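Working notes, beginning with the structure itself.
What follows draws every value from the coordinates through simple rules; no lab data is involved. Values in this document were obtained by computation on a predicted structure and should not be read as measured data. Note: ideal-geometry Cβ built from the backbone for every residue, glycine included; neighbour counts use all protein chains shown.
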Amino acid sequence: MGQTQIRRRRDADMKACLDALFTVYEEDRYPARWPADPAGWLTPDGLLAAWVAVAGPDVLGHVALTRTDDVLAAGAGLPPDELASVSRLFARASARRRGVAQALLDVVADAAASDGRRLVLEVEDGGAAAVALYERAGWRRTGSRSGDWTTADGRTALLHTYLAPDRGAGKGPTART
Ligand SMILES: CC(C)(COP(=O)(O)OP(=O)(O)OC[C@H]1O[C@@H](n2cnc3c(N)ncnc32)[C@H](O)[C@@H]1OP(=O)(O)O)[C@@H](O)C(=O)NCCC(=O)NCCS
């Protein structure tokens, strides 16, 4: 990834994050509608941590790690406290296929595993690049459900739940020692 660095998101990164997110919205309609409070959208409920991929002043990618709600946990078939959710993952439109998203996923996977949690996420059916990314990394689809919004191409959203490969999480940090 050249000079790209992955590090925790800082408050001062927010403007550059929103610049990058806007390129993703224009290219992919992710998110499906531009939020009224985009900084808030990048800071979802239950946020545990967020990371950015940066090159100089530019944010090339972003990912958040959140607590897992009951619905998503049920889709994954594991208790919420054994899981953590990947959210708000994107790579700037001009920085694709350079390993940015994979590097961000590696960092969240390490953080979740160190807390004894296994990663889970939901991806909308139209997210072919994201599905390819997760499946190549060994994530497994565990279920699907209808979402409560309409996609940019006029469909009712269809959400697929994906569970990351088991890295020994779910036993709790103390049980692993
Ligand atoms: C999905 C997304 C984050 C991937 O970002 P990226 O930095 O380009 O992904 P990477 O370079 O790390 O890709 C790693 C691997 O994933 C797979 N992959 C990624 N994008 C792909 C695509 N468009 N088509 C097919 N496979 C793809 C490939 O196996 C790739 O490895 P390769 O380039 O050596 O073939 C990016 O396309 C994006 O921001 N999409 C819009 C937002 C989105 O859908 N977010 C996910 C919400 S759940």
- prompt: For the chain, modelled as a GNM with alpha-carbon contacts under 10 angstrom, which of PRO35, PRO80, PRO165 fluctuates the most?
  reply: PRO35
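Expressed as a rounded percentage, what relative contact order does segment 83-136 have, with Cα pairs under 8 Å and six or more residues apart?
Details: 29 pairs, mean separation 24.8, N = 54.
RCO, segment 83-136: 46 percent.
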task: Divide, for the chain, the radius of gyration over alpha carbons by 2.2 N^0.38 Å, where N is the residue count.
output: 1.00
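What number in nm² do you get for segment 82-127 if you take the convex hull of its Cα atoms and divide its surface by four? Before the final figure, lay out the partial values.
Details: hull surface 14.3 nm².
For the Cα atoms of segment 82-127, the hull's average projected area reads 3.6 nm².
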- prompt: What residue among THR68, THR161, THR150 shows peak mean-square fluctuation when the chain is described by a Gaussian network model with Cα springs under 10 Å?
  reply: THR150
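Explain nothing, just the number: dipole magnitude of the chain about its Cα centre with +1 on each Lys and Arg Cβ and -1 on each Asp and Glu Cβ, in debye rounded to the nearest 20.
On the way: 23 positive and 23 negative charges, 108 e Å.
Using Cβ point charges on Lys, Arg, Asp and Glu, the chain gives about 520 debye.
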message: Using Cα springs under 10 Å in a Gaussian network model of the chain, which residue among ALA73, ALA84, ALA36 shows the largest mean-square fluctuation?
response: ALA36
- prompt: For TRP41 and ALA137 in one chain, what is 0.36 nm times their gap in residues minus the Cα-Cα distance, to one decimal in nm?
  reply: 32.0 nm
- prompt: How about segment 96-142: which trypsin sites (Lys or Arg not before Pro) there are in a DSSP loop, with at most 13 other Cβ atoms within 10 Å of their Cβ?
  reply: ARG97
field: For segment 52-91 versus segment 101-133, the gap between their alpha-carbon centres in whole angstrom
entry: 6 Å
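Mean separation of Cα pairs under 8 Å and 6+ residues apart, divided by the residue count of the chain: what relative contact order is that in percent?
On the way: 309 pairs, mean separation 35.5, N = 177.
In percent, rounded to a whole number, it is 20.
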statement: Assertion target for ARG155, ARG10, ordered by fewest C-beta neighbours within 10 angstrom first, is ARG10, ARG155
